[in-house]
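A.B. asks: Before I ask anything, let me first share the structure, which is written out below as structure tokens.
Since every read-out is calculated from the coordinates, none of them should be taken as a lab result. Note that this is a predicted model, so its numbers are computed, not measured. We place every Cβ from the backbone using ideal geometry, glycine too, and count neighbours over all the protein chains shown.
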């Protein structure tokens, strides 16, 4: 058997940057007060457990802080009003928002300041989306082209289109094409999808044509990981989404000669390495 590992598997730039900021905060601020993240700093349960053991706590928008505390804005960003509310409490506020997400926030605010209405392609309840729409005045979030087509769009409004940074680029292009015909006036399209997301999705598509089965590693609550799993499934091959090596379905995997492995942008290298090691020990696969 042969194991093929995706080159793009694992941390993206934004996740790596956020965790480096958190690590630095633990080293320099830990003795002064409590370090909080507003919600999970990234979407990976095993990483969050590691930091909880180091004393990092997760806060909500209702948490009352003290001036000695440090609050770290997660990689997905937070709503503008929540950030302002926390800053008013006099805490040390460290922004670990992914630069790609921050850029999307800025671009959305610029368009909204011109009185335009935001159409956002993304997951309604995702924390990144909740942060993005806080920079708009009027907005609608939709999760698919089919949902968008069911909406009644006013020809008297000036719309602009943006996307959650981890959305599928091909789907976004199709949505933009539809809107250019559905709305009789020109619509401004913001290019907010992260290139790293496209690279991971493209690699899974290509790899799925070269193997018999795909293993997708990453948090079950990670949107970009779930999309990698979906792409592998759509390729018509066996695919499994696991968080750790302990979840690998050995009997199923033993049936395949060529297996591919990738991981979401929030999946640490040590989880990927554990999966590779376990596969090698159990199935004697060559990487």
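A.B. asks: Take 56, 204 and order them by how many other Cβ atoms sit within 10 Å, fewest up front.
C.D. replies: Ordered from fewest to most neighbouring Cβ atoms within 10 Å, 56, 204 come out as 56, 204.
A.B. asks: Sticking with this structure for a sec: For region 236-259 and region 68-111, compute the distance between their C-alpha centroids and round to whole Å.
C.D. replies: Each part's Cα centre sits 38 Å from the other's.
A.B. asks: In the calculated pair distance distribution of region 40-128, what percentage of Cα-Cα distances lie above 17 Å?
C.D. replies: 57 percent
A.B. asks: Turning to a different aspect of this structure: Once the Cβ-Cβ distance between residue 257 and residue 93 is put in as r, and R0 is 41 Å, what FRET efficiency do you end up with, to the nearest 0.05?
C.D. replies: Result of the calculation: an efficiency of 0.20.
A.B. asks: Ranked by Cβ crowding within 10 angstrom, fewest neighbours first, how are 42, 175 ordered?
C.D. replies: Going from sparsest to densest Cβ surroundings: 175, 42.
A.B. asks: What FRET efficiency would be calculated for the residue pair residue 230, residue 66, taking the C-beta separation as r and a Förster radius of 41 Å, to the nearest 0.05?
C.D. replies: Computed FRET efficiency for residue 230 and residue 66 comes out at 0.40.
A.B. asks: Over its Cα atoms, what ratio of radius of gyration to 2.2 N^0.38 Å does region 51-181 give?
C.D. replies: 1.21
A.B. asks: In bins 10 Å wide, starting from 0, what share of all Cα pairs of region 145-199 does each bin hold, as a percent?
C.D. replies: In whole percents, the pair-distance histogram is 23, 53, 21, 3.
A.B. asks: If you don't mind, another one. May I have the convex hull volume per residue, in Å³, for the Cα set of the chain?
C.D. replies: Dividing the Cα hull volume of the chain by its residue count gives 130 Å³.
A.B. asks: Something else now. Compare the peptides 250-258, 98-106 by average per-residue count of other Cβ atoms within 10 angstrom and give them in order, highest first.
C.D. replies: 98-106, 250-258
A.B. asks: On to the next question. How far is the Cα center of region 1-21 from the Cα center of region 144-161, in Å?
C.D. replies: Centre-to-centre (Cα) distance: 35 Å.
A.B. asks: Can I ask one more? Would you order 195, 190, 19 from fewest to most other beta-carbon atoms within 10 Å of each residue's own beta-carbon?
C.D. replies: Going from sparsest to densest Cβ surroundings: 195, 190, 19.
A.B. asks: In addition: Using the basic label-point model (7 angstrom from Cα toward the beta carbon), what is the residue 153 to residue 27 distance in nanometres?
C.D. replies: About 4.9 nm, to one decimal.
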